[in-house]
Amino acid sequence: MKFSINTVTLLLFAGLLSSCNDDFLERIPLDELSLETFFQNENDLRTYNNGMYDQTRDDRNLVVLHGHHTRFPSSNSSYWYLDGFTDNTAPVQGIFDNIRAGVHRTNGRYFFGWGEWGFLRTINIGLANYDRASIDQKIINNYTGEARLFRAWFYWDRVSKFGDIPYIDKELSPESPELFGERDDRDFVMTKVLEDLEFAEANLPDKWPGGDNPGRMDKAVALALKARICLFEGTWQKYRGNDGNMWLEKAAAAAKELMDSGEFELNMNGDSLTAYNEAFAETETLENNPEIIYWIKYEATIRDNNIVNFFPGRSGGATKEMVEDYLCSDGLPINLSPLYAGDTTIESVFINRDPRLPASILNPKDKERYGYNESDASSFPRLPGMGGLTSSTGYHIVKGYSEETDLRGYNRGTTPAIAFRLGETYLIYAEAMAELGQISQDDLDMTINKLRDRVGMPSLMMDPPMDPRYADVGISSLLVEIRRERRVELFIEGQRYDDIRRWKCGKELTQEDLGIRFDEKAKARYDGARVQTIDVDGVPYVSPYKGTSYENPTFDEDKHYLWPIPNGALSSNPNLGQNPNWE
């Protein structure tokens, strides 16, 4: 379910549907077409909305249908990299490390932030003109719902990062006072977001004519996005002392409707590693994967990407803290399970563990299975200084890796991007019901335990033992395990940073990122490695950031849950005001 936009259409309407820079709500040139003669029929509406899909290709500036970007921007702009803002990975790119360590400033222009207001203008122009078409109102509402779903996504992303935000729902001129107004209150904007979501849910078709897979966003996508947004806002409000129940109820209802539709089911193809990892390692298409609700297609020579070539090195690797969060095969945390084999060697880390650990992070014995970096006959892991493909932590990420794609070389990759999948919907429903205090064993069995069954892990019960690592978080042991499940299942799927912020758990980002154990035996094994170490309880571990400004990450509870308004935006409109403690 993703839309491939006709190249001729893009050329004809490039002037209408694009903006040249990131100036706030910059006017879009409309020279090629007259609004007096356009928007006359369904083809006009379809063509206009096609341009919105085209604009979402700018994955650096527009976190709507976030994919892998293309060519060199695949080196830092894919949603796979978003875990670099968190304690999941230790990237080797400052654009992530600055925010991860809490050293970002107002004078920087950060990816995935304030830019691309021209996208909003495209939407608002369309919404002001669709009703001019001489076609059935139901068809008009289909395209209106599509545009409003885009607008809901656009505004939620801005609110999630900046809090209060200017709300614009009409086309502006250079003289419009709204360009120089103050920001609107977060609650007001989120009410508008919900209105757009519910209009889209009510008016998008179950399936668009044509049967393309992928195709246009439909009702299932509206439900998936509504569930994601409402869970975010419900927990954001709850953990700041407000009533988030309305949002949580809507998150649960949207997720349940999607689950009950019967349209999607978990991918169960292959063994426990393959069934989980298959969707991420696909080389071209997700058309036949029953779990995928919406995906983004890439095509050789037209819109390719280099994510498989760039990500293994530039992601740095998984952190020790991430690896330790995977349960043992008896369903218990490592510090409660008698099955935990320790981390004396990297191989021991994988003994008796959740199969999603070796499906996500390279167990050296699985190099041949994955064909991991087959052009290099060396053994893994490889640390900085050892040559070849190295990992800053020693924990190489294999989730999403494809030997076939890697061997194609640069500018030939067509790895599809996943916008929504059923696994996330299961996790949303379980968390929303738990936060509402209404969860039952049946709810766990129809959601999280299906994810666990897929990989052969024991079921989660209503009263699991409390993991001592999370005993002081202030939530139930059940919520601890639901959050853990989300972290493990959605590793490198771009969710962790939003999760930490909505849960108000910024202190998770104050822990230093570490890698594999690096004692004397490791030094002998990893000949040539040039790494720094830090002792934990007398045991040395790789410290990828020791001696850098990222070594001791900070998180200011009164500041870092929101991003700063960029200096350039404030120069253009001082009335926007800066977020708290960013002056």
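A few points about this structure:
- Selected from ILE302, ALA254, PHE280, residue furthest toward positive end of dipole (region 243-309; charges at beta carbon): ILE302
- Entries in LYS138/LYS450; LYS161/LYS399; LYS250/LYS504; LYS192/LYS507; LYS367/LYS504; LYS138/LYS226 that, when Cα-Cα distance is taken, lie over 29 Å: LYS138/LYS450; LYS192/LYS507; LYS367/LYS504
- When the convex hull of its Cα atoms is viewed from all sides, region 243-347 shows a mean projected area of 11.6 nm².
- Loop-resident sites, region 360-440, for chymotrypsin sites (Phe, Trp or Tyr not before Pro), counting at most 13 other Cβ within 10 Å (DSSP): TYR410
- Protein accessible area in region 56-155, 1.4 Å probe - carbon and sulfur %: 48
- Computed 3J(HN,Hα) for region 364-370, one whole-Hz value per residue from the Karplus formula 6.51 cos²θ - 1.76 cosθ + 1.60 where θ = phi - 60°, is x, 5, 9, 4, 5, 4, 8, glycine and proline marked x.
- Cβ-Cβ distance of ASN269 and ILE534, R₀ of 60 Å, FRET efficiency by 1/(1 + (r/R0)^6): the value works out to about 0.90.
- Here the spin labels are modelled as points 7 Å beyond Cα on the Cα-Cβ line, and at THR106 and ARG240 they lie 1.9 nm apart.
- Surface analysis of region 233-308 yields an accessible area of 41 Å² per residue, using protein heavy atoms and a 1.4 Å probe.
- Theoretical FRET efficiency, 1/(1+(r/R0)^6), r = Cβ-Cβ of THR191 and GLU404, R0 56 Å, to 0.05: 0.75
- Whole-number percent relative contact order across the chain, with pairs defined as alpha carbons under 8 Å at least 6 apart: 20
- Remark: the chain carries a charge dipole of roughly 1040 debye about the Cα centre, counting +1 on each Lys and Arg Cβ and -1 on each Asp and Glu Cβ.
- Inter-probe distance in nm under a simple model that places probes 7 Å from Cα toward Cβ, at ASP445 and GLN137: 4.6
- Fully extending the segment from GLU508 to PHE72 would add 153.8 nm, taking 0.36 nm per residue of separation and subtracting the current Cα-Cα distance.
- Taken about its Cα centre, region 178-290 carries a charge dipole of roughly 320 debye when the Cβ of each Lys and Arg holds +1 and the Cβ of each Asp and Glu holds -1.
- Placing R0 at 30 angstrom, the Cβ-Cβ distance between GLU287 and SER378 gives a FRET efficiency of 0.25 after rounding to 0.05.
- Only aspartates and glutamates eight or more places from LYS365 in sequence, or on another chain, were considered; those with a Cα closer than 18 Å are ASP271, ASP343, GLU347, ASP354, GLU374, ASP376, GLU403.
- DSSP-loop trypsin sites (Lys or Arg not before Pro) across region 503-583, with at most 10 other Cβ within 10 angstrom: ARG530
- Value of Rg to Rh for region 166-293, rounded to two decimals, is 1.08; Kirkwood radius and Rg both from alpha-carbon coordinates.
- Amide H contacts of ARG421: ILE293, each under 5 Å away and 5 or more positions distant or on a separate chain (H built 1.01 Å from N in the peptide plane; Pro and chain starts excluded).
- Peptides 437-448, 169-180 ordered by average Cβ neighbours within 10 Å, highest first: 437-448, 169-180
- Shown here is the pair-distance distribution of the chain: with all Cα-Cα distances grouped in 10 Å bins from zero up to the longest one, the shares run 3, 17, 28, 28, 16, 6, 1, 0 percent.
- Summing Cβ point charges (Lys, Arg +1; Asp, Glu -1) relative to the Cα centre of region 98-170 gives a dipole of roughly 300 debye.
- Projecting the Cα atoms of ILE448, SER459, VAL488 onto the charge dipole of region 405-490 (Cβ charges, centred on the Cα centre) puts VAL488 farthest toward the positive pole.
- Here region 208-253 and region 505-542 have alpha carbon centers that stand 39 Å from each other.
- Centre-to-centre, using Cα atoms only, region 71-125 and region 273-300 are separated by 24 Å.
- If a spin label sat at a point 7 angstrom from the Cα of ASP556 along the line to its beta carbon, the backbone N atoms of region 499-542 nearer than 17 Å would be those of 506-507, 509-510.
The values are calculated or read from the model by the stated rules, or taken from the named source; none is laboratory data. It should be emphasised that the depicted structure is a prediction, and the values quoted were computed from it without experimental measurement. As a convention, Cβ positions derive from the backbone with ideal geometry for all residues, glycine included, and neighbour counts pool all protein chains shown. Heavy atoms of the whole protein, side chains included, go into the accessibility calculation; ligands, DNA and RNA do not. Shrake-Rupley method; radii C 1.70, N 1.55, O 1.52, S 1.80 Å.
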